[in-house]
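The values are calculated or read from the model by the stated rules, or taken from the named source; none is laboratory data. Computed from a prediction, not measured in an experiment: that's the story for all the values here. When we count neighbours, we look across all protein chains shown, and the Cβ atoms used for this are built from the backbone with ideal geometry, even at glycine.
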Amino acid sequence: MRTWTRKRVLVTGGAGFLGSHLCDRLLAEGNDVLCVDNLFSGNRDNIVHLLRNPNFEFMRHDVTFPLYLEVDEIYNLACPASPVHYQHDPVQTTKTNVHGAINMLGLAKRVKARILQASTSEVYGDPEQHPQSETYWGHVNPIGLRACYDEGKRCAETLFFDYYRQHRLTVKVVRIFNTYGPRMHPNDGRVVSNFIVQALKNEPITVYGDGAQTRSFCFVDDLITGMIAFMKTPDDFPGPMNLGNDREFTILELAQKVIALTGSSSRLVLKSLPSDDPKQRRPDLTLARTRLDWEPRVQLDEGLVATIAHFKQLFQSG
Ligand code: NAD
Ligand code: UDP
């Protein structure tokens, strides 16, 4: 029998970049938050400011193993997100996506919790449709180096929709496009953190390929607002729903912006393009705009300034 009045929210991957911002926001909205993380790519520093909060609890746990808890809502974010991290142990990445989804869906079914899955634009692979709308089925190499992540996330989506249809679970599947901001791991190899760290150290900026490939970068605050709004939508709306920012930049344009905003003397060096690196990516945000009355508000320059300030502080504090 339920004996608590505040909503109890489980955030898996809560010590990671996005998860820690989500924990902050959920606590600020008056929820009790349980953060579950195995600290593979996340960091205690991301949540250290929350450890004394009586409404926050941290549990070190790997989601590939079952978990028995009583909660009202689950945000399933556990999974390394950067190519360097998810390709480090690709079998574990697939297990985290698939076994993790099965375990969290089983938990949600037992306690009748609603559950949100952090899926990804990577389900579209190297897209042949541009911009990408939710109706596009994608163009993914099932045996490439990125497949542990892309196919793992696709299989997780399958599981979420089968639990929705078969067990009438309330699910929300959000496809997150490249998101950046404070608390990104400085060494996780993602383009925004790489370029800022390199620029602040006046080291060469590593542009992969010719830098003509595109991405659309969303500031973390906008993404968290959208995720929480999506969780609050009616039970019969599982998504999938794209969230991100639909301003598109080439990687070269990003490098030039970072150099200008840091005042760095770094020069650009061209490196080989990683395999299966998508050539272009931009979300069609029509669905999110219509259903959530949501809009990505932070422009790239503004978000980069905040992220640069974070990394400067990190390096100053040693
Ligand atoms: P992150 O690596 O900072 O966070 C992931 C967290 O999950 C880490 O704290 C990590 O330790 C934890 N984790 C990994 N495997 C685990 C396991 N087996 N059990 C428990 N915890 C585990 O990455 P992020 O950018 O914060 O991404 C969070 C989620 O959002 C991921 O699921 C990712 O796929 C998704 N996503 C992120 C982006 C982005 O641009 N940041 C884009 C698309 C999707
Ligand atoms: N990239 C780059 N230099 C780097 C890191 C990444 O040119 O130091 C490129 C990468 O090849 C890709 C884009 O930036 O085309 C985004 O890479 P990231 O790993 O951030 O995300 P994803 O490829 O998953 O979108």
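A Cβ distance below 9 Å, combined with a sequence gap of six or more or placement on separate chains, defines the contacts here; from the stretch 180-201, residues that are at pLDDT below 95 reach residues that are among the aliphatic types (A, V, I, L, M) and not in a loop (DSSP other than H, G, I, E, B) in the pairs P186/I196; P186/V197; P186/L314; N187/V84; N187/V197; D188/V84; G189/V84.
Does T158 satisfy the condition of being without any contact (Cβ under 8 Å) to a residue 24 or more places away in the chain and farther than 30 Å from A255 by Cβ?
Values: without any contact (Cβ under 8 Å) to a residue 24 or more places away in the chain: yes; farther than 30 Å from A255 by Cβ: yes.
Against the criterion (without any contact (Cβ under 8 Å) to a residue 24 or more places away in the chain and farther than 30 Å from A255 by Cβ), T158 qualifies.
Within the stretch 260-297, the residues that satisfy the criterion of being surrounded by fewer than 19 Cβ atoms within 10 Å (Cβ to Cβ) and of a type in the set (V, I, T) are V269, T286, T290. Taking every residue in the stretch 5-22 that is at negative phi and pairing it with any residue that is within 16 Å of ligand 2 (Cβ to nearest atom) and acidic (D, E), at least 6 positions away or on another chain, the pairs with Cβ-Cβ distances below 9 Å are F17/D188.
If I ask for residues that are among the aromatic types (F, W, Y) and crowded, with 24+ Cβ neighbours inside 10 Å, which ones from the stretch 142-179 would you list? Walk me through it before giving the result.
Quick first cut of the stretch 142-179, residues among the aromatic types (F, W, Y) only: 149, 160-161, 163-164, 177.
Correct list: Y149, F160, F177.
Among R52, R8, which is the only one that is within 23 Å of L169 (Cβ to Cβ) and more than 8 Å from ligand 1 (Cβ to nearest atom)?
Details: R52 fails: within 23 Å of L169 (Cβ to Cβ).
From the options R52, R8, the qualifying one is R8.
Table: residues versus (1) within 18 Å of the chain's Cα centre (by Cα); (2) modelled with pLDDT of 95 or more; (3) away from ligand 2 (no atom under 16 Å from the Cβ).
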residue	(1), (2), (3)
G16	yes, yes, no
R44	yes, yes, yes
V48	no, yes, yes
Y68	no, yes, yes
P80	yes, yes, no
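Every condition in (1) within 11 Å of ligand 1 (Cβ to nearest atom); (2) within 24 Å of P283 (Cβ to Cβ) holds for D89 except the one numbered (2). The single condition among (1) more than 12 Å from ligand 2 (Cβ to nearest atom); (2) in contact (Cβ under 8 Å) with a residue 24 or more places away in the chain that Q129 does not satisfy is (2).
Look at the stretch 223-255 and say how many of its residues are in a strand (DSSP E or B) and of a type in the set (D, E, K, R). Let's see the steps before the verdict.
To start, the set of residues in the stretch 223-255 that are in a strand (DSSP E or B) comprises 241-243, 248-250.
If we keep only those that are of a type in the set (D, E, K, R) too, we end up with 248.
Total meeting the criteria: 1.
The set of residues from the stretch 168-202 being among the hydroxyl-bearing types (S, T, Y) and in contact with a Phe, Trp or Tyr (Cβ under 6 Å, 6 or more places away or on another chain) comprises just one member, Y180. Pairs meeting the criteria (first residue in the stretch 94-115 and within 16 Å of ligand 2 (Cβ to nearest atom), second residue modelled with pLDDT of 95 or more and assigned to a helix (DSSP H, G or I), beta carbons under 9 Å, at least 6 apart or on different chains) are N97/C148; N97/Y149; N97/E151; N97/G152; N97/K153; N97/R154; N97/C155; N97/A156.
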